[in-house]
Every structure is written in C-alpha cells, then in structure tokens.
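The values are calculated or read from the model by the stated rules, or taken from the named source; none is laboratory data. What you see is a predicted model, and the numbers here were worked out from it, not measured in a lab. Neighbour counts run over all protein chains shown; Cβ positions are idealised from the backbone, glycine included.
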Amino acid sequence: MTAEEAVGRLGSGMTVGIGGWGSRRKPMALVRALLRSEVTDLTVVSCGGPDVGLLAAAGRIRKLVAPFATLDSVPLEPHFRAARQRGAFELMELDEAMFMWGLTAAAHRLPFLPVRAGLGSDVMRVNPGLRTVTSPYEDGEELVAVPALRLDAALVHLNRADIHGNGQYLGPDPYFDDLFCSAAEHAYVSCERIVATEEFTKAGGPQTLVVQRHSVAGVVKAPNGAHFASCAPDYERDEPFQKHYVASAGDPEAWRAFTERFLSGGESAYQSAVQAWHEEQR
C-alpha cells in the first residue's frame, strides 16, 4: 500500500507505536504522511527521535511514552524539549528495560510483566501510577509491575520487506521493531526495497527477519524513507540536514520556512526539496 493508505487506517485518539531508535531507522516517510493527515490527539510510544519532534511541533501528541527523545548526535530532540517546557503533552518516561518489557507484555497479551528495573530510582516517583507486586514464591521479592504498552497501530521502517509483510533489518540492531509490531493490533512496515521472499537468504540470513508477516497489516515501499535518520547499511544519517532541522527549531520564522519548504507537499516533494537544499550547500 502507499504511505497515505497506511496512515488512512489510523484515527485520532489512537495509541501509535513508532519503531527505530533515536535518529536511527525511523519510519519518517510514514510520519510525514501522518503529518499531512488530520489525525491528532495521539498517544505515541517511541524510543523518540525526529518522529516525536515533528509530531510534537505539529501538536499531534496528547501523551508520549518513551525512555528518551534524542537525535543521537544532538542529545535532546529540540521540539520535544520545547513541547515539554510549555506542557504541551503528558509524558510517561520509563527506563529502557521497562519500556522493552512493557512492549513484551503487550506482545504476549499480558496485563503486565514483573521487572527489577526502576526500583530505587526516580522512575517510580515521576510515574506515580506504577505499581509493585510481591513474588508469590519463597523469595517474596518486590518487583515493578510494568504495564503492557498496548498499541492500536505500529509504524516501523526496515531495509527490506516482501509483499507478504516479512521484514528484514541489515543494520547493526533490530531495535524493538519486532516488539512494536507484535504489541499492535495493526502494524505497517515501510521499507527501502521490496524483494522476493527467497532473497532474504542472500543477505543477512534468516536471523535478520525481525518482523514476520503474521503481525503486519501493510507494506509500504519507501526508498530513503528513514531520512533524515540513518538506515544502515543503505545510508547514514544526514547530519547536515539534521543540523538544519535543529537550527530551524529555535526560531519561529525559520521553522515556518522549514515546514513550508520541506513538509508542505508529498513525499516526492520532500525528497526533491532535500536534494535541492544539499545542492545549494555546495
């Protein structure tokens, strides 16, 4: 399907998980399609990067569940920072292990999973809704009951996919993309290239098939679809453009010019505008 068709299945008020990690292999083509839609009032579950920044800048987030929001080479996502400083949305900030096990609980359709992560930390203080449970066995250990992070929909980006919904990563890390898809009622996978199923064995091997077709509702062909995040080994992060994005975030006029130039049209218009901008920098 197209990015617009995938986003067309989302609705305001949904809980949407977004794969990738910081400014790495984010489904940015799908996020940009989401920005062009009328969908709003979202609960976003993400290891946050420019996906969170763009949705925050557009006022589409009601609640964010995240362990961080970073651009990697830029420690704190600037639009996330600005939105939090003005109290634009609710934040549930979790330890990374708690985040992983919350997705795992949802993937297994469990209400929660007990973990040690978070004990003795301010995670419990800033999330007063978190509860602890006591082991029913002889140890009697007190553990954090991490609630399931159930998702209405998930958006992830992978290096390769087939038309059936099997997805392959070729970079250094699967991140939590498989958990996002399994934790969601419906998952949509964008990819750099759609391949025949038998091609998966030619690069990476079967262990790189991080997403299986049973958990995927739609596949979107989106070359350069993670830009300006990285999608190794297909391409690295576009650091010059990311710096341009960050510089634009602190100035309302500069941000207006950025959105008009890069975010006012469709995906092909975005890619063309980015290419033209790079040519201007030479």
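At-a-glance table
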{"item": "Residue within region 255-266 that is within 19 Å of the chain's Cα centre (by Cα), surrounded by 18 or more Cβ atoms within 10 Å (Cβ to Cβ) and either outside any helix (DSSP H, G or I) or touching a residue at least 24 places away in the same chain (Cβ under 8 Å) (or both) present", "result": "no"}
{"item": "Within region 33-56, tally of residues that are of a type outside the set (D, E), part of a helix (DSSP H, G or I) and buried (at least 24 other Cβ atoms within 10 Å of the Cβ)", "result": "7"}
{"item": "Filtered residue count, region 16-33, keeping only those that are more than 12 Å from the chain's Cα centre (by Cα) and under 22 Å from Y175 (Cα atoms)", "result": "1"}
{"item": "Residue ranges of strands (runs of 3 or more DSSP E) in region 72-190 with at least 2 members touching a Phe, Trp or Tyr at 6+ places or on another chain (Cβ under 6 Å)", "result": "112-115, 142-147, 151-161"}
{"item": "Among the candidates S37, S46, residue that is in contact with a helix residue (DSSP H, G or I) (Cβ under 6 Å, 6 or more places away or on another chain), closer than 24 Å to A247 by Cβ, at pLDDT 95 or above and not charged (D, E, K, R)", "result": "S46"}
{"item": "Sole residue being under 20 Å from P50 (Cα atoms), in contact with a helix residue (DSSP H, G or I) (Cβ under 9 Å, 6 or more places away or on another chain) and of a type outside the set (A, V, I, L, M), chosen from F200, F241", "result": "F241"}
{"item": "Verdict on V210 being touching a Pro at 6+ places or on another chain (Cβ under 7 Å) and in contact (Cβ under 8 Å) with a residue 40 or more places away in the chain", "result": "yes"}
{"item": "Number of the condition not met by L64 [criteria: (1) within 21 Å of G19 (Cα to Cα); (2) touching a Gly at 6+ places or on another chain (Cβ under 8 Å); (3) part of a helix (DSSP H, G or I)]", "result": "(3)"}
{"item": "So V216, is it in contact with a Cys (Cβ under 8 Å, 6 or more places away or on another chain) and not charged (D, E, K, R)", "result": "yes"}
